[in-house]
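The values are calculated or read from the model by the stated rules, or taken from the named source; none is laboratory data. What you see is a predicted model, and the numbers here were worked out from it, not measured in a lab. Cβ atoms come from the backbone with ideal geometry, glycine included; neighbour counts cover every protein chain shown.
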Amino acid sequence: MNDKKDVLDKGPFFHGTKAELKIGDLLEPQHLSNYQDKKSNYIYFTATLDAAKWGAELATSKSKERIYIVEPLDEFENDPNLTDKRFPGNPTRSYRSKFPLKIIAELSSWERHSDEEINHMVASLTKLREQGKAVIDD
């Protein structure tokens, strides 16, 4: 675990997805991304439930939406895709790591964003893709 005194955030940390995983499983980089058709160099996570909900709701799969509580096993950094480009100062508390995250629990219940909010977000992301602006710095 990242025991440095200059840790970015103490958590707790969440990972939203549609993958069915078990307590103790490791989330690792170099697996297919939830958001693009390629393997990701990082594993992404957040310290806000709202951002984790978006992760689960927007993942490209027909499977059940899930939010896992995760523990970073080594160093991590601010997610530059959100921190630098969209939300200066990282209010979404979004991070990424080249090291595994350990699943320590699954949230059994949580309130989804409204269908209207989800549809608006999907439309916004579609527009960004069409404009060539939905590039993920990975």
One residue from Ala105, Ala52, Ala56 being closer than 22 Å to Gly24 by Cα and over 15 Å from the mean Cα position of the chain (by Cα): Ala105
Candidates Glu57, Glu20, Glu75, Glu28, filtered to the one that is touching a Phe, Trp or Tyr at 6+ places or on another chain (Cβ under 7 Å) and modelled with pLDDT under 95: Glu75
Candidate set from the range 56-80 (those that are small (Gly, Ala, Ser) and touching a strand residue (DSSP E or B) at 6+ places or on another chain (Cβ under 7 Å)); member that is surrounded by the fewest Cβ atoms within 10 Å (Cβ to Cβ): Ala59
Close pairs from the range 53-82: first on the phi > 0 side of the Ramachandran plot, partner surrounded by 17 or more Cβ atoms within 10 Å (Cβ to Cβ) and not in a loop (DSSP other than H, G, I, E, B), Cβ under 7 Å, at least 6 apart: none
